[in-house]
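Structure first, commentary second.
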């Protein structure tokens with residue numbers, strides 16, 4: 001075959017539905033593209049603890065997997081995985097601003113070794129090995145991400161709060177379940193995939209990324225800048241579709257499978 005493609009896939013709303021079942025046809029399509037010699041990997045906002053399951057279930061054989069919205073890149077080390085590249089920042093200023101405006105919210109931080117500290121449990125969070133702490137303990141050391149969930153606020157509220165607090169000084173994304181995910185400045189799925197792309201020595205232009213959320217815009221922009229394909233899921237917000245080079249079907253209709261099969 002000609003040079004392989006690097007294929008970066010979002011998880012929530014792309015690979016899986018809200019009930020965490022697979023989008024129709026995705027496992028089979030991933031296997032076809034992988035077996036054709038392309039490098040299929042995951043680029044997700046989820047932590048590694050919440051990502052490894054999907055790597056296993058999809059039979060992902062890539063050497064690198066991008067987690068935590070680009071702040072953490074995992075690499076295979078024999079039969080195990082290691083934290084190959086981790087970006088961190090001092091969360092104290094961000095947490096001070098947010099807790100002043102959202103004192104009743106649930107907060108979680110991820111340390112550079114993957115440990116998660118949290119102030120309150122939520123069903124959507126994978127907290128195995130995590131530790132519940134007082135809110136003032138969250139800012140004790142550098143973190144790779146800060147996650148905020150405030151059940152009484154919606155996505156519009158989060159956008160307003162971001163503007164009020166000046167969070168443009170760090171990278172942030174608002175997830176499909178309306179939580180705020182904050183990463184180090186300049187770090188997103190695109191910056192992490194760029195590092196993986198360079199490490200693998202792959203050709204420009206042979207990049208396909210697929211996602212549905214605002215946290216996918218960074219990897220869309222990176223793919224476009226390098227002559228690749230950026231595919232938005234059918235249910236994605238308009239601003240996400242506008243950042244893409246093309247749009248596929250929605251997640252319930254197997255949009256990812258259709259996009260992947262276009263490589264064959």
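Pairwise Cα separations in region 222-264 fall into 10 Å bins from 0 onward with the following percentages, short to long: 31, 53, 16.
With each run of n ≥ 4 DSSP H residues scored as -39500 (n - 2.57), what mean residue ellipticity at 222 nm is computed for the chain after dividing by its residue count and rounding to the nearest 500 deg cm²/dmol? All intermediate terms of the calculation are to be shown ahead of the outcome.
Numbers: 8 runs with 71 residues, N = 264.
That comes out to -7500 deg cm²/dmol.
Taken along the Cα-to-beta-carbon direction at a fixed 7 Å, the label points for residue 93 and residue 75 span 3.1 nm. Overall size of region 126-264 from C-alpha positions, given as principal axis extents largest first: 52, 34, 32 Å. Per residue, the convex hull spanned by the alpha carbons of region 92-183 comes to 91 Å³. Can you tell me what share of the DSSP beta bridges in the chain is antiparallel? A percent to the nearest 5 is fine. Of all bridge pairs located within the chain, approximately 60 percent are antiparallel. Calculate the tail of P(r) for region 19-98: the fraction of all Cα-Cα distances greater than 19 Å, expressed in %. Beyond 19 Å sits 45 percent of the P(r) for region 19-98. The value of relative contact order for the chain, using C-alpha pairs under 8 Å at least six residues apart, is 22 percent. How far, in degrees from 0 to 90, does helix 26-35 lean away from the longest principal axis of the Cα atoms of the chain, to the nearest 10? The angle comes out at about 60 degrees.
Given the options 100, 87, 79, state which has the largest fluctuation in a GNM of the chain using a 10 Å cut-off (strictly under) for Cα springs. Residue with maximal mean-square fluctuation among 100, 87, 79: 79.
The long axis of helix 155-165 is offset from the longest Cα principal axis of the chain by roughly 60 degrees. Size of the chain from its Cα atoms: along the principal axes, largest to smallest, the extents are 55, 41, 33 Å.
Computed from Cα positions, the angle between helix 92-101 and the longest principal axis of the chain comes to roughly 70 degrees.
Approximating the spin labels as points 7 Å out from Cα along Cα→Cβ, the residue 242-to-residue 111 distance works out to 4.2 nm.
Here, each number is a calculation from the coordinates, and none is a lab measurement. What you see is a predicted model; the values in this text were computed from it and never measured. Positions of Cβ are generated from backbone atoms using ideal geometry, with glycine treated the same way; all protein chains shown enter the neighbour counts.
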